[in-house]
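What follows draws every value from the coordinates through simple rules; no lab data is involved. Not measured: the values here are computed from a predicted model. Virtual Cβ from ideal backbone geometry, glycine too; neighbours counted across all protein chains shown.
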Amino acid sequence: MTAGSKCRPIDIVSPSIVVELELTDFDIDQQLLSLDGVSLVVFTSIGCSGCRWARAQLPALELPVDRLCWIDAGENGGAVERYQVFHLPALFVVRNGEFHGALQSRLTQVELIANLRQALNRIPEELP
């Protein structure tokens with residue numbers, strides 16, 4: 001950093017209280033099958049304004065998840081196809097390697113928590 005730099009340490013520290021992972025076509029299955037706890041899998045794209053909002057806001061929400069798993073839909077077409085992603089951002093719930101399906105919700109803390117609870121009460125399936 002130079003003396004005139006406007007970058008401050010606070011600018012690069014994430015306010016997130018939850019673990020965040022970047023997954024790809026190459027490691028999505030291996031990671032999701034091996035992770036304990038609840039993973040909220042979020043498909044996004046850099047060109048999507050709703051996705052940019054989700055990337056900025058979801059980590060700061062106090063959600064009952066152990067981690068956020070981000071997948072760039074533009075770079076990971078195999079995962080997009082397997083998970084049948086038709087709109088972005090697209091959210092899915094995985095607990096202890098078991099797939100609990102898509103999460104249809106507005107991206108507010110109250111609605112996400114309620115819909116996460118509903119999803120976790122579904123009978124789990126194998127990962128797509």
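Taking the criterion of being within 12 Å of the chain's Cα centre (by Cα), within 10 Å of residue 25 (Cα to Cα) and not hydrophobic (A, V, I, L, M, F, W, C), the only residue of the stretch 59-91 that qualifies is 72.
I need the full set of residues from the stretch 76-102 which are β-branched (Val, Ile, Thr) and in contact with a His (Cβ under 9 Å, 6 or more places away or on another chain), in order please. Across the stretch 76-102, the qualifying residues are 93, 94. Look at the stretch 37-57: where a residue is on the phi > 0 side of the Ramachandran plot and a partner is outside any strand (DSSP E or B), sitting 6+ places away or on another chain with Cβ atoms under 6 Å, you get 37/66.
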